[in-house]
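*Asks:* Got a structure for you, questions after.
The values are calculated or read from the model by the stated rules, or taken from the named source; none is laboratory data. Source: prediction; values computed, not measured. Glycine gets a Cβ as well: all are built from the backbone with ideal geometry, and neighbour counts include every protein chain shown. Ligands, DNA and RNA are excluded from the accessible area calculation, which covers all protein heavy atoms including side chains. Shrake-Rupley method; radii C 1.70, N 1.55, O 1.52, S 1.80 Å.
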Amino acid sequence: MRLGVLDVGSNTVHLLVVDALRGGHPTPMTSEKSELRLAEHLDRSGALTTAGADALIGAVERARDAAAAAGCADLLAFATSALRDATNSAAVLTRVRAETGISLQVLPGDDEARYTFLAVRRWYGWSAGQLLVLDIGGGSLELATGVDEHPAAAASLPLGAGRLTREWFSADPPGRKEIDALRAHLDEQLAPVARRLRRRGVPDLAVGTSKTFRSLARLTGAAPSAAGLRVRRTLSDTGLRQLASFITRMSSTDLAELEGVSGSRAHQLVAGALVAESAMRALGVSELEICPWALREGVILRRLDLLDGTAQSDRSAHDAPSALGPLTENQARCSG
């Protein structure tokens, strides 16, 4: 079955097309991104501007057409923190549906954490034991832990790398006072969540997902993406501290020249490193494995479970991700 997954995030609108079947390994076929930086199109009242909505609609139209051209049987379309936080989210979603035929489902933050956790569990398998999963996005930080496919505890905090860069840094590179203030804020915000997750048990494996963690790992010596998905990559707390002391003195222009750092995200790398550093410290983690699967793969896997009828329908919303099922108009668009 060919599926399209459309992820409307704070930084990008990303279409991933895969061939997938229940019990099989989802095989990526195509991947297309539009760098919108949607969160930067929120006005002072927190509403997405008309220009931002126009750009979103254009990106969704292109993704819809690409999914149809690729022969997708279904398009799973969702949005994360940028639209979740927008004060006019409902109006924007209505306009997107009216003008593109695509119904975007806004994921609650905790569900983001649960879908990502599912993907990481499937990647590493049951032998990984107690998993702890961290995912740094543009607008939020997701955390989850547990021994099953659905985490025993999951949380989402407004500590995304892009959000923190906009809210806490006024200079490029940021000054020492701003960095120290952000570190204190991160420690304060993470402490109660870390205590709740740590009560669930000591993780046998701690995992980081997302572009931010991949970039940080690459800058501390992990293999490049060209080496393949299955090469083991890690990020240590020691390496991260050394890296943070180095990159906090660099401008985003200079950071963009480093291998493994994309130009569109270079400006938020410092904030991302500080989030990773604080989270690892709060959770008592000395090393993270870097997992290539994350939210999009979790959405695909959950969808396949539901198609096969294996998902447990009697689970509460706290125990399992919401059913991100196909919406009829999305399926019709993909079927031509």
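*Asks:* Mind listing the long-range amide H neighbours of Met29? Cut-off is under 5 Å, sequence gap 5 or more, other chains count too, H placed in the peptide plane at 1.01 Å from N.
*Replies:* Val17, Val18, Asp19
*Asks:* For the stretch 203-254, how big is the tail of P(r) above 16 Å, as a whole percent of Cα pairs?
*Replies:* Considering the stretch 203-254, 46 percent of its Cα-Cα pairs are separated by more than 16 Å.
*Asks:* Only Cα pairs under 8 Å and at least 6 apart count here; give the relative contact order of the chain as a rounded whole percent. Intermediate values should be presented prior to the final figure.
*Replies:* Details: 630 pairs, mean separation 70.3, N = 336.
That works out to 21 percent.
*Asks:* Then there is this: Output needed: percent of Cα pairs per 10 Å distance bin for the chain, bins running from 0 to the one holding the longest distance.
*Replies:* Taking all Cα pairs of the chain, the binned fractions are 6, 26, 35, 25, 7, 0 percent.
*Asks:* What is the stretch 80-225's relative contact order, in percent, from Cα pairs under 8 angstrom and six or more apart in sequence?
*Replies:* Relative CO of the stretch 80-225 lands at 23 percent.
*Asks:* Same structure again: Quick one: what Rg and Dmax do you get for the stretch 49-89 from the alpha carbons, in Å?
*Replies:* According to the Cα coordinates of the stretch 49-89, Rg and Dmax are 12.2, 35 Å.
*Asks:* To continue, here is another question. What are the residues whose amide H is under 5 Å from the amide H of Gly160, where those residues sit 5 or more places off or on another chain and H is modelled from the backbone?
*Replies:* So Gly160 has HN proximity to Ser140, Leu141.
*Asks:* Summarise the accessible area of the stretch 79-151 (1.4 Å probe, protein heavy atoms) by the percent that is carbon and sulfur. Provide the component values of the computation, followed by the final result.
*Replies:* Details: 1080 of 2120 Å².
That share works out to 51 percent.
*Asks:* Further question: Skip the ligands, DNA and RNA, and give the accessible area per residue of the chain with a 1.4 Å probe, whole Å².
*Replies:* Working: 13970 Å² over 336 residues.
Per residue, the chain has 42 Å² of solvent-accessible surface.
*Asks:* In addition: Using helices alone, what [θ] at 222 nm do you get for the chain, with -39,500 (n - 2.57) per DSSP H run of 4 or more residues, divided over all residues and rounded to the nearest 500? Walk me through the intermediate numbers first.
*Replies:* On the way: 12 runs with 145 residues, N = 336.
Helix contribution divided over all residues of the chain: -13500 deg cm²/dmol.
*Asks:* Which residue, Leu258, Leu15, Leu182, has the most motion in a Gaussian network model of the chain that connects Cα atoms within less than 10 Å?
*Replies:* Judging by the Gaussian network model, the answer is Leu258.
*Asks:* Ignoring ligands, DNA and RNA, what percent of the accessible area of the stretch 259-300 is carbon or sulfur (1.4 Å)? Don't skip to the answer; put the middle values down first.
*Replies:* Details: 480 of 1070 Å².
Carbon with sulfur: 44 percent of the solvent-accessible area.
*Asks:* Now for a separate question. Around Gly146, which amide H atoms from residues at least 5 apart in sequence, or from another chain, sit under 5 Å from its own amide H, with H modelled in the peptide plane?
*Replies:* Under 5 Å from the amide H of Gly146: Leu131, Ala152.
*Asks:* Which of Gly260, Gly146, Gly284 moves the most in a Gaussian network model of the chain with Cα springs under 10 Å?
*Replies:* Of Gly260, Gly146, Gly284, the most mobile in the Gaussian network model is Gly284.
*Asks:* With θ taken as phi - 60° and the coefficients 6.51, -1.76 and 1.60, list the Karplus ³J(HN,Hα) couplings across the stretch 245-252 in order, rounded to whole Hz; mark glycine and proline as x.
*Replies:* Values, residue by residue: 5, 7, 6, 5, 9, 10, 6, 5 Hz.
*Asks:* Further, regarding this structure: Taking the square root of 5 times each eigenvalue of the Cα gyration tensor, what semi-axes in Å does the equivalent ellipsoid of the stretch 234-274 have, largest first?
*Replies:* Details: eigenvalues 59, 23, 15 Å².
Equivalent ellipsoid of the stretch 234-274: 17, 11, 9 Å, largest first.
*Asks:* Ordered by residue, what ³J(HN,Hα) values in Hz, to whole numbers, does the stretch 71-79 give under the Karplus form 6.51 cos²θ - 1.76 cosθ + 1.60, where θ = phi - 60° and Gly and Pro are x?
*Replies:* With the stated coefficients, the stretch 71-79 comes to x, 5, 7, 7, 10, 9, 10, 9, 10 Hz.
*Asks:* Under a 10 Å cutoff between Cα atoms, tell me which one of Thr165, Thr209, Thr87 has the largest fluctuation in the Gaussian network model of the chain.
*Replies:* In the Gaussian network model the winner is Thr87.
*Asks:* How large is ³J(HN,Hα), in whole Hz, for each residue of the stretch 259-276 in order, when computed from phi with the Karplus curve 6.51 cos²θ - 1.76 cosθ + 1.60 and θ = phi - 60°, using x for Gly and Pro?
*Replies:* Working through the residues one at a time gives 5, x, 10, 7, x, 6, 10, 4, 5, 10, 5, 4, 4, x, 5, 5, 5, 4 Hz.
*Asks:* Would you work out which of Leu42, Ser81, Thr94 lies farthest towards the positive end of the dipole of the chain? Charges go on Cβ: Lys and Arg +1, Asp and Glu -1.
*Replies:* The Cα lying farthest towards the positive end belongs to Ser81.
*Asks:* Sticking with this structure for a sec: Looking at the stretch 100-173, which GluC sites (Glu not before Pro) are DSSP coil and have at most 13 other C-beta atoms within 10 Å of their C-beta? Display every interim value, and only then the final one.
*Replies:* On the way: sites: Glu112, Glu142, Glu149, Glu167; in loops: Glu149.
Here no loop site has a sparse enough neighbourhood.
*Asks:* Just how large is the dipole of the stretch 52-153 about the Cα centre, in debye to the nearest 20, putting +1 at every Lys and Arg Cβ and -1 at every Asp and Glu Cβ?
*Replies:* Numbers: 8 positive and 13 negative charges, 23 e Å.
It works out to roughly 100 debye.
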